[in-house]
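The values are calculated or read from the model by the stated rules, or taken from the named source; none is laboratory data. Note that the structure is a prediction, hence the values are computed from the model and not measured. Don't worry about glycine lacking a Cβ; one is built from the backbone with ideal geometry, like all the others, and counts go over all protein chains shown.
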Amino acid sequence: MGQYLTKILSPNPPIPKTSIPSPCSACSWTLERQDNCCYESHVKLFYGVSDRGVWSLGSHLILKERQNTPPNFEASNIRLLEKATSIPIPTIIEDWVEENQRYFTLMRRVRGEPLSRLWTNMSANQRESIAKQTADYLMQLRKLQSPKMHCVEGQPLYSAFLFPNSYGLPHGPFSSDDELWAEMEMALKKLEVPENARLLLRKRMPPATPYTFTHGDLTYVNIMVEDGRLTGILDWESSGYFPVWWEFTSAGIGLGQEDKEWKDLLQRFMPDYTTAREFWLDFYSLSKYPNLDKRGVALLGNGDSNSHVQK
């Protein structure tokens, strides 16, 4: 009888609550909170890498968040370009640094879609048109020059391709070819690349003057297109005054087959610095020493940096 009453009064032991999952680290939302309302957010985190995040705020605004460490010059560079060019770029609404040293940039979204989403379905004529439009706008950067190689407001340069094996590290400012080469050569010296090869490369390095404002990352992800027209060039955070030949040279660095197709086409309409690109290809090959590719092996094997093996 007692057991019967117990079952009536307490038919089943309480079911333990499932553990509540941790809130989303990006938005602090939980499944439990979502179940308790019918709110559907139009604030979306659509890109994240390292300690950075990029949010879309509705359909017209973008919010970027990152640590307040260089290279973080995008807002300053865009303001410079707004005054000096007609290049289609995002509009900066505000940028600020909070007490925890998180850096925020609020900007208007550029119309259109990234070229990377459209490339596969574009005709040859459509691709060529976008390449010509991009190259025409880039020509406006050629008039932006400086007596030194540096980023905006005299800050150092940042480039893991011009200065190999030093991602995220500052370089310069530089005032001469000798200063630039001394910094570039450091990567080769650390790897104990033979001195003769380094000397031959130095002789072939083209003059860096005039030091010219350079985007430096013209991947097709950063090219916005709408109705066959270029509507924006994105991602100016590491741009600055580089060697005059660096825009053409860096445009030859393809990140995947389609991006390489885009950049090969773009280079056809840019000022030609093929000699500088050949110099840099040899330099970059030797920066992998002793794990050399065919190009690097040929350079050292022949004892002559003028012997090129095409990549």
Are any residues in the stretch 251-274 farther than 18 Å from residue 130 by Cβ and either part of a loop (DSSP other than H, G, I, E, B) or of a type in the set (Phe, Trp, Tyr) (or both), and if so, which ones?
253, 271, 272, 273
For the condition among the β-branched types (Val, Ile, Thr), more than 14 Å from residue 134 (Cβ to Cβ) and in contact with a Pro (Cβ under 6 Å, 6 or more places away or on another chain), what is the one hit in 221, 244, 193?
244
From the set of residues in the stretch 200-227 that are among the acidic types (Asp, Glu) and farther than 11 Å from residue 239 by Cβ, which is nearest to the chain's Cα centre (by Cα)?
226
The stretch 132-163, subset in contact with a strand residue (DSSP E or B) (Cβ under 9 Å, 6 or more places away or on another chain), among the aliphatic types (A, V, I, L, M) and assigned to a helix (DSSP H, G or I), residue farthest from residue 215 (Cα to Cα)
152
If we only count strands (runs of 3 or more DSSP E) wholly inside the stretch 1-119, which ones have 1 or more residues that are hydrophobic (A, V, I, L, M, F, W, C) and at pLDDT 95 or above?
52-57, 61-67, 91-97, 102-108
Which of the residues belonging to the stretch 161-185 are of a type in the set (S, T, N, Q) and either buried (at least 17 other Cβ atoms within 10 Å of the Cβ) or modelled with pLDDT under 95 (or both)?
165, 166
Please go through the stretch 186-202 and pick out each residue that is surrounded by 17 or more Cβ atoms within 10 Å (Cβ to Cβ) and in contact with a Leu (Cβ under 8 Å, 6 or more places away or on another chain).
188, 193, 197, 198, 201
Just the residues that are at pLDDT 95 or above and either part of a helix (DSSP H, G or I) or not assigned by TED's automatic domain parsing to the domain that holds residue 198 (or both), please, taken from the stretch 275-303.
275, 276, 277, 278, 279, 280, 281, 282, 283, 284, 285, 286
